[in-house]
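Coordinate-derived values only; no laboratory data. Every value quoted in this text rests on a predicted model; they were computed, and no experiment measured them. As a convention, Cβ positions derive from the backbone with ideal geometry for all residues, glycine included, and neighbour counts pool all protein chains shown.
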Amino acid sequence: MANRMTTDPNDIRKIIDKCDACFIGMIDKEGKPYVLPFNFGYEAGIIYFHSDKSGQKMEVLENNPNVCVAFSTDHKLFHRHEPVACSYGMRYRSVLAYGKVEFIEEYGEKERILNIFMKKYAGREFSFNEPAVKNVAIFRLVPDKIHARESGY
Ligand SMILES: Cc1cc2nc3c(=O)[nH]c(=O)nc-3n(C[C@H](O)[C@H](O)[C@H](O)COP(=O)(O)OP(=O)(O)OC[C@H]3O[C@@H](n4cnc5c(N)ncnc54)[C@H](O)[C@@H]3O)c2cc1C
């Protein structure tokens, strides 16, 4: 099974754009992993997230902003010999992005980012009332390192 690794921004964008969720890997205070599924926005190489201002993930990220974010799409089971279990596998395209998340506090920037999510998931922009913008936490990842892997395609 051929694996192709790439850091080409176009390949990476195409894979990320096909995903409707990603998984954020975090490290808690005890050094243990904490991984959560998340919706996201993606623009110009930057990954954006939004959440409640409370909860375990906020404590974890405020203590340690280092993350590894995984995206995966185009999953397709294949086999070389139908009766041989070990000949089965999964074609996929995936991306891993590493770096430190940064919280966004500026009101206008939060509004702009909320519309990145809305365009991705609802197909259009919205207007937001002030409490909604103030009460949501928005953070971004400008990846230090990002690469894609295509397996079986
Ligand atoms: C497809 C998808 C997209 C999502 N997108 C977002 C998003 O954009 N923003 C957002 O804030 N949240 C999103 N969520 C929910 C997110 O995964 C977390 O469940 C949520 O943010 C609460 O996390 P927390 O650390 O604050 O947990 P808390 O509410 O503090 O929960 C405490 C405990 O509950 C358990 N727990 C938390 N989340 C989950 C979970 N998802 N599954 C199983 N156990 C869990 C953990 O063991 C944790 O210790 C999404 C979930 C899914 C499945």
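Worth a mention:
- Cross-chain or 6+ apart pairs with Cβ under 7 Å, region 34-57 first and in contact (Cβ under 8 Å) with a residue 40 or more places away in the chain, then of a type in the set (Lys, Arg) and within 6 Å of the ligand (Cβ to nearest atom): 51/57
- Residue pairs whose Cβ atoms lie under 7 Å apart, separated by 6 or more positions or on different chains, with the first residue in region 71-93 and more than 12 Å from residue 149 (Cα to Cα) and the second assigned to a loop (DSSP other than H, G, I, E, B) and of a type outside the set (Asp, Glu), are 78/152; 87/80; 87/81; 89/1; 89/152.
- Leading residue by the ranking (surrounded by the fewest Cβ atoms within 10 Å (Cβ to Cβ)) among those in region 1-26 that are assigned to a helix (DSSP H, G or I) and not acidic (Asp, Glu): 10
- Among the residues making up region 61-80, a single one is of a type in the set (Phe, Trp, Tyr) and more than 13 Å from the ligand (Cβ to nearest atom): 78.
- The one condition in (1) more than 14 Å from the chain's Cα centre (by Cα); (2) within 17 Å of residue 152 (Cα to Cα) that residue 95 fails to fulfil: (1)
- If the condition is being surrounded by 15 or more Cβ atoms within 10 Å (Cβ to Cβ), more than 12 Å from residue 101 (Cβ to Cβ) and more than 7 Å from the ligand (Cβ to nearest atom), then region 35-60 contributes 41, 42.
- For region 36-153, the helices (runs of 4 or more DSSP H) that sit wholly inside it and include 3 or more residues that are of a type in the set (A, V, I, L, M), closer than 19 Å to residue 23 by Cα and out of contact with any Gly (no Cβ under 7 Å at 6 or more places or on another chain) are 56-63.
- Residue within region 124-134 that is touching an Asp or Glu at 6+ places or on another chain (Cβ under 9 Å) and more than 16 Å from residue 51 (Cβ to Cβ) present: yes
- In region 3-31, the residues that are acidic (Asp, Glu) reach residues that are within 16 Å of the ligand (Cβ to nearest atom) with C-beta atoms within less than 7 angstrom, at least six apart or across chains, in these pairs: 17/42; 28/34; 28/60.
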